[in-house]
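First comes the structure, then the notes that go with it.
The values are calculated or read from the model by the stated rules, or taken from the named source; none is laboratory data. This is a predicted model, so every value here is computed, not measured. Please note: Cβ atoms are built from the backbone with ideal geometry, for glycine as well, and neighbour counts cover all protein chains shown.
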Amino acid sequence: METVKLTIDGVEVTAPKGELLIEVCEMNGVYLPRFCHFRGLTPQASCRMCVVRVDKIPKLQTACTMPVADGMVVTTASDEIEDVRSGMIEFLLSNHPVDCPVCDRAGECELQDQTFGFGEDRTRSRFEDKEPTLERQISPFIYNDPQRCVTCKRCTRVCEEWMDEFAITAVNRGSHTVISSFGGWVECSDCGNCVDVCPTGTLLHVPYKYVARPWDLKQTPTICNYCSDGCSILAGTRSEQFIRAVARDGRGRTAGGINNDFLCALGRYTIDAVHSPQRIDRPMIRRGEYLVPATWDEALNFAASKLAEIKNDDGGAALGAIGAARLLNEDLFVLGKFAAETLGTPNADFYHDEDEIDTASFFRYGIPVLATQEHIQNADTIILIGSDPNEENPLTAFSIRWAVRQKSARLLMVNSMPSRLERQAERAIRVREGSEGAVVEALLAPSRIEATAAAAGVGVDDLRFVRQVLLESERVVVIFGDELKATAVEALALFETQLATPSADVATAARNAHLDALQRQVRSTNSTNKPAVNENPFTSIVAHPTLEVGAEPARTSTKFSFVPLFRYSNSLGACLIGMDASLRGGLSAQAMINGSGGGIQALYVVGEDLLGKANGDESHVRTQLGKLKLLIVQDQFMTETAKSAHVVFPSTSFAESQGTQVNNAGQVQLVRRVIPPVGQARPDWMITSSIAKLMGSDFGYQGQVRAIFKEISERVNACAGLTHNRLANEGAIQVSAAPPDSAGIDRADLLARLSAETDRINKEIEVDSSELTAKAGSRLHGRYPLQTRYSEMLKAGDGRESPVVFPA
Amino acid sequence: MTKVLTTRFDLKGEACDIDVYIKTGGYAALEKAFREMTPEAVIEEVKKSALRGRGGAGFPTGMKWSFVPKESKRPKYVVCNADESEPGTGKDRDLMRWDPHMLIEGMLITAYALNARDSYIYIRGEYWYIKEILERAIAQAYERGYLGKNVLGSGREFNLYVHPGAGAYICGEETALLESLEGKRGHPRLKPPFPAVVGLYGGPTVVNNVETLAAVPWIISNGGDAYRALGTEKSGGTKLFTVSGHIVRPGNYEVPMGYPMSKLIYEDCGGIRNGKKLKAVIPGGSSVPIITAEEVEKCGLDYESVAAVGSMLGSGGVIVMDETVDIFETTRNLTHFYHHESCGWCTPCREGTRWLQKVFERMHRYEGRPGDVELLHELADKILGKSFCPLGDAAAMPVQSAIDKFREDFDRRIKHDLVQIKMHAAD
C-alpha cells in the first residue's frame, strides 16, 4: 500500500495514501470530534466539528473531507479551532431540548460526550430561543424526536448506502429540517441501523424505549443465532433480562465481529423470544393424554430407562437422533457422540431437507475456499446464483452493496425471483425456477450453451456475457443459495480450473474497461436513485481498503471463493463436526421419520420441530411420529413435535449457553452466555450427557462446555488448535480450507451428470410464465416459529398489514 | 458612454424578435466565432477582456473556462445561472426580458469555446414570464439554425434548455443549482472538485451568470482589449447596477467599471428622494457589508475599490437608504430572509441564522437584553467562514457590518430596567 508522511500536531506520522485526515488522526491517537462523519458513508462535512488548520490553506478545513497528502502539516488544536468547535456545540445546543434525564440515549450520547469534551460549560441561548417539536413514532420500531436532531444525516445515508432503501430522508428546510419520510410513516425493512448510528436521542428503538439506562446495562458480545451470516451483537442485559441487541452502541463500541456496525432487523428485534412466555420452563412426561410436569430426575430417568429398554429389545439401529442445524457445535457433537457411543446407532443427522443446499455435495472434494464478508467486500466480481441475501442473509447483501458501491465490483445475478439487489447488478438474469443448475453447466461447458440457455429460459448472450466476465476477473466470489441442486453444487469445484483467467493482463484490461465504462455513465437524474457507484471524488480516490482503517484488502489465495447461503446459523458447523448422516453411514433425518414404526422405534429430537418443517406433509409426519415407541424432545418452545413427545426437556436458547457456531464463511465464533437459563432450562449438551450418564456412559465433561470443544478440536481437523479462549480473544477464526484437488475429480462424469440434469430440467419444467412469480417473502422469518414482539409489532404497527420485507 | 449590455433596452422588447436582433447586429459575433475563431482563441479573447463573473464572486471568467479539461469522458455542459434571487438585484431580469437573444448568443459562443453540446438556463421560478420569452427566442433560434444540428454549417450540434427553479435562494449557489438542475434537493456540493471538473451529471460544467454570458458577444465582436479598456485594469468592461431604495429614479444602470458610486446615486439616479440625506448604502446585493454615506463618497464601482471600503461589489444591487431608515430593522429583515432561505445543510448557518433571528425578534419588540448586541456580533462571527457554502457568510456579514457602523440603532433596542441592570452588574 502506498503511504505518505505528514505532520499532525508536530508529530510526523505515516498514513495510507488518500486516506481521510480524520481517520489518520484517529489512528494516531488524535480524536477529532464529529457528528456527520461516519466510516464508510459518503462525506458530508455539515457538522463542522472536525475543523483543523492545514498549512498553506487560508481557511480552516474539515478533516472528514481532506485526503492526506505528502508533507501536509496539520494543527488539530489551537484557540481558534477550539473556539469554532465550542461554537458549533453551542449552536447545536441552542435548539436542543437538553432533556437528558428523560432521553434514552443519555449516557451513550455523542452530543453529551462531545459537549463534555469540546463545548463550553454554559450557553447564551435561552429557553425561548428553542423551537419545540413533538416526539412521534414513525415506524413500528422507530421513535423520532426531531428536536434532538443535529442533522448529521448519518441515518439517511445509512438507509441509502447500506440498505439501499431510501426510506427516510430530510424534509423541510433550514432550521426546520427534520428526519422523516414522505408521508410521515416509514415503510422499510426495519433494520434499525439508522437508530444505531444516530449520535443523539433523535431516533430510538421502540422496544428499548424507557427500558433501561445505558449505565445499568451489562453488554456482552455474542453471536446472533438467526441466519448463517453469524453477526456479532452486543447483548444488553439488565437484571438477568436480555433486553437489547445492537451492533454498535451509542458510544461507538461494537462487538468487534465480522459485521462491524451493521445489524439486520432479525438480529435486533427478535431477541425477546428468549423471555417469551411460551418457553417451556420444566421437564414434562407424558401421562396418557397429557404432558405432566416432572422433576429433572424423574424425566431423565424415564428417558434413560425407556431408551435402554428399546435398545435392548430392538437393537441400537432402531434408535435415531435428530439435531437442529441452529444448535451450537457442542450440542450437536454431544448428540452425535451420544448416538454413536451410548445408543450404538449410526442414525444421527442434523435436520436438513432436499430444499436446502446439499452439504455433502459441496464438501465432496474437500473444504472449498470460503469467502468471508471482507472477501466479498473486496471482490472484483460477485456472482449470485439463487437466493435473495437481502432477505435471508442481510449482512451478505450489505457486503455485496458495499463492494459495488465502494469498490466498483461487478455484480452478476442468476435468479428465479426478483431481488432488490438487482439494482446493483451489472447483469441480472432471471431464469426459470429450478434451472439455476443449468447456468452452472453453461459456465463450465460452453459447447452446451444453447441447451442450457433453453433450459434456463434465457438468452445465449446473457450466459456468454456472464462466462466472459468470470473469465476476465481476478477474484470472484460465488454466492449461491438453496436453488442450486446437488450436482450443480458439486460442479462448483470445477470453477477454479475451468474458468481460470487467461492472464493477469486480461484481468487488468477488463477491470480498467469496467471502470472506464462507469466513468462514462451519465449519472441518473432520479433523486431517489443514487448512483450505484460512489460518485464522490473523495471516496473514489480514497481506496478504502476494508472497513478496518489502514488494513490491506482481504484477498483469497484462489480465484474463486464461495459463500453457500445455508439456512441455519450452524448448518456448516453441523456438517464439519460430522453430524451429517451421509458421513456416518446412517439414516438421514427424513429417512428416520419415514422409517418410524418400522426400522426406527425411538427418536431423540433436539431443538427441531419436525412437524413445523414438514412442508405440507404434516399429517404424514404426524402419523409416522405416532408409530414411535418413544419420542424424546428437547426444545425451548412447546412446538407441535414437543406436544406429541413422550418426554420433553426444556433447553436453553443461544443467549443462555456458551458454545461455538460456524457461519457460512466457515468462521468459528464463540457464542457467550449472556443471561442465566430461563426457568429450569438446561443446555442441550448437558441434558444429552446426563441421559448418557444414566445409561452408563460418562463422557467426562464434568459440566464444562470447554471440555467438549477441546474434544471437537482434537477430532475435527478443521477445528484443530481452536479453543474457547482463543475464540474469545481473537474473534472469528476461519477454518482452514482444503481446496479440492482437481486431479481427484472425475470431470467427465461430473459434467455428464450435470448435462443430464439440464436435459431433465429442459424436459420436465414447462415454460410457464406463472413459474416466474416471486416466491420471496417470509422465508427467513418463517423458519422461526417464535412468538416475538417483533412479529407481534409488525402486525400491530398502525394498522399496517405487513412490513415490506419480512411479513409475519 | 459605451453601452455593451443595454443597447437594445430602448427597443422595449422588440429585440425579442430574432429579425430585430439580427438587424441590430445580433448573431454577428456568433458567426465570427464559428467561422473565424478556434475555441482556444475565443477563450483567449475572453481572458484578455478581464471579464469577471457578474453573479457576485467576481471570478475571472476566462480563467474559469480554462479550468474545463479539454478531454473528458463525460459530456461537457454550459449552465447559465439565471436564478437571480439576491435581494436588491434585478439586472438579469431586464437583460433576459429586453434582449434574450444576446444571452442565447453568448451561451452558444461559450458552448462553442468549451465544446459542449447541451446548455441549460436555470431560471428563477418567479420569472415564469421571462421563461416564456426565452423559450420563444430559443424556438426562433432553432428555426434560423443557430441552434440544433449543424449550426452555421459547422457540423456541430447545440441544444439549449430552460429549467425553472422552485423558489430557493440556495439554488443560486452554483453547486446547489446543479443539484437542483439534476432534480435533487438543492444542497450545495462539496468543493473541490469544482463544477469545471465534476459538474452537471458528473460532466465538466461552466456555470456563469446571465450578465457574464451576455457580455461575451460584444467581446467577440469588438475584441477583448476594447472591452477591458472600458473599465479598469483588473475589472474590465461595464456592469449593470440595479439601484433601489430612496432615490429619485430607481432602475438598472449600465456604467463602466470604476464609475464613482456617488455620481451614480446623485447624478444618474437623481439623488436622494425628498431632499433627505443619505445614511447608508448596500453596494452589491443584500449579502455584502453595508457602507456609510462617508464611504460612498470615496467608493468607485469596481471590485477593488468597493473592497477597499470593506464591502463587495457582489451582484451589483445598490440599495440606497436615507436618514429615516433604522438600520436595525433593515438588518432584521435580511436576517429573516437568510434564516428562511438557509438550506439546513451545515450547523453554523442552520442554527446560527435561527438564533440570530430569535435575538432580532426580541430586540424588535424592544425587549433586547444587555449583551444582546454583542451576542449578535459573536454569533455572526461563529458563522463567518465556518459554513459549508458562502450563504453562511452572506448571512453574517450584513449583521456584523451593521453593528459596527450603526451601533446606535441597535443599542436603542436594549431594555435596561433596574432589575436587569442589577443582575448585569452582579455578573
Evaluation of A:Ala303 against (1) surrounded by fewer than 20 Cβ atoms within 10 Å (Cβ to Cβ); (2) modelled with pLDDT of 95 or more (one fails), failing number: (1)
May I ask you to verify whether B:Lys76 is under 26 Å from B:Ala137 (Cα atoms), basic (Lys, Arg), within 14 Å of another protein chain (Cβ to nearest Cβ) and buried (at least 22 other Cβ atoms within 10 Å of the Cβ)? yes
Does the range B:375-389 contain any residue that is in contact with an Asp or Glu (Cβ under 8 Å, 6 or more places away or on another chain), crowded, with 24+ Cβ neighbours inside 10 Å and more than 10 Å from every other protein chain (Cβ to nearest Cβ)? no
If A:Asp684 meets every condition in (1) acidic (Asp, Glu); (2) over 28 Å from A:His275 (Cβ atoms); (3) buried (at least 21 other Cβ atoms within 10 Å of the Cβ) apart from one, which number is that one? (2)
Residue in the range B:345-354 that is at the interface with chain A (Cβ under 10 Å from one of its Cβ atoms) and at positive phi present: no
Quick one: which of A:Ala425, A:Ala379, A:Ala455, A:Ala403 is more than 30 Å from A:Ser557 (Cα to Cα) and hydrophobic (A, V, I, L, M, F, W, C)? A:Ala455
Some residue of the range A:737-746 being at pLDDT 90 or above, crowded, with 19+ Cβ neighbours inside 10 Å and of a type outside the set (S, T, N, Q): no
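Could you please let me know if A:Gly457 is buried (at least 17 other Cβ atoms within 10 Å of the Cβ), of a type outside the set (Lys, Arg) and either touching a Ser or Thr at 6+ places or on another chain (Cβ under 6 Å) or within 25 Å of A:Phe566 (Cα to Cα) (or both)?
Taking the combined requirement at face value, the residue does not satisfy it.
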Does B:Gly125 satisfy the condition of being assigned to a helix (DSSP H, G or I), of a type outside the set (D, E, K, R) and in contact (Cβ under 8 Å) with a residue 12 or more places away in the chain? no
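For every residue, the table says whether it meets (1) of a type in the set (Ser, Thr, Tyr); (2) crowded, with 24+ Cβ neighbours inside 10 Å.
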position: B:Gly202; (1), (2): no, no
position: B:Val207; (1), (2): no, yes
position: B:Ala226; (1), (2): no, no
position: B:Thr232; (1), (2): yes, no
position: B:Ile247; (1), (2): no, no
position: B:Lys263; (1), (2): no, no
position: B:Asn274; (1), (2): no, no
Cβ-Cβ distance below 9 Å, separation of 6 or more or different chains: which pairs start in the range B:224-245 with a residue that is farther than 17 Å from B:Gly55 by Cβ and end on one that is small (Gly, Ala, Ser) and part of a strand (DSSP E or B)? B:Thr232/B:Gly300; B:Val243/B:Gly251; B:Val243/B:Gly317; B:Ser244/B:Gly251; B:Ser244/B:Gly317
Any residue that is in contact with an Asp or Glu (Cβ under 8 Å, 6 or more places away or on another chain), touching a residue at least 60 places away in the same chain (Cβ under 8 Å) and either closer than 26 Å to B:His187 by Cα or part of a strand (DSSP E or B) (or both) - is there at least one of those in the range A:57-66? no
Tell me the residue from A:Val102, A:Val74 that is more than 14 Å from every other protein chain (Cβ to nearest Cβ), touching a strand residue (DSSP E or B) at 6+ places or on another chain (Cβ under 8 Å) and among the aliphatic types (A, V, I, L, M), please. A:Val74
Starting from residues that are over 17 Å from A:Ser94 (Cβ atoms) and within 12 Å of chain B (Cβ to nearest Cβ), keep the ones in the range A:131-159 and report whichever is surrounded by the most Cβ atoms within 10 Å (Cβ to Cβ). A:Lys153
Subset tally (residues that are part of a loop (DSSP other than H, G, I, E, B) and more than 8 Å from every other protein chain (Cβ to nearest Cβ)) for the range A:116-130: 7
Scanning the range A:19-64 for residues that are at positive phi and within 14 Å of another protein chain (Cβ to nearest Cβ) gives A:Ala45, A:Arg48
The range B:3-54, residues that are over 23 Å from B:Ser154 (Cβ atoms) and surrounded by fewer than 17 Cβ atoms within 10 Å (Cβ to Cβ): B:Lys3, B:Asp10, B:Leu11, B:Lys12, B:Gly13, B:Glu14, B:Asp17, B:Val20, B:Lys23, B:Thr24
Among the residues of the range A:578-618, what is the count of those that are surrounded by fewer than 24 Cβ atoms within 10 Å (Cβ to Cβ), of a type in the set (A, V, I, L, M, F, W, C), under 28 Å from the mean Cα position of the chain (by Cα) and assigned to a loop (DSSP other than H, G, I, E, B)? 2
Between residues in the range A:692-703 that are assigned by TED's automatic domain parsing to the domain that holds A:Ile632 and under 18 Å from A:Lys311 (Cα atoms) and residues that are at pLDDT below 90 and surrounded by 10 or more Cβ atoms within 10 Å (Cβ to Cβ), which pairs lie under 9 Å by C-beta distance while being six or more apart or on different chains? none
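Taking the stated definitions as given, is B:Ser305 modelled with pLDDT under 95, buried (at least 23 other Cβ atoms within 10 Å of the Cβ) and either within 24 Å of B:Leu51 (Cα to Cα) or among the acidic types (Asp, Glu) (or both)?
Answer is no for this residue.
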Does A:Lys559 satisfy the condition of being in contact with a strand residue (DSSP E or B) (Cβ under 7 Å, 6 or more places away or on another chain), charged (D, E, K, R) and closer than 23 Å to A:Phe480 by Cβ? yes
If I filter the range A:138-151 for residues that are more than 25 Å from B:Cys343 (Cβ to Cβ) and assigned to a loop (DSSP other than H, G, I, E, B), do I get at least one hit? yes
Which listed residue, of A:Ala273, A:Ala339, A:Ala308, is surrounded by fewer than 18 Cβ atoms within 10 Å (Cβ to Cβ) and among the hydrophobic types (A, V, I, L, M, F, W, C): A:Ala308
So which of A:Asp249, A:Asp196, A:Asp216, A:Asp190 ends up being closer than 19 Å to A:Gln112 by Cβ, at pLDDT below 90 and either in the same structural domain as A:Thr133 (by TED's automatic domain parsing) or surrounded by fewer than 19 Cβ atoms within 10 Å (Cβ to Cβ) (or both)? A:Asp249
Hey, among the residues in the range A:160-173 that are in contact (Cβ under 8 Å) with a residue 12 or more places away in the chain and within 13 Å of chain B (Cβ to nearest Cβ), which one's nearest to the chain's Cα centre (by Cα)? A:Glu160
Which numbered condition in (1) under 29 Å from A:Glu160 (Cβ atoms); (2) at pLDDT below 90 is the only one that A:Arg85 fails? (2)
Go through the range A:277-305 and report how many residues are farther than 15 Å from A:Lys629 by Cα and among the aromatic types (Phe, Trp, Tyr). 2
Could you please find all residues in the range A:475-495 being at pLDDT 90 or above and surrounded by fewer than 19 Cβ atoms within 10 Å (Cβ to Cβ)? none
Somewhere in the range A:637-651, is a residue within 26 Å of A:Val246 (Cα to Cα) and surrounded by fewer than 24 Cβ atoms within 10 Å (Cβ to Cβ)? yes
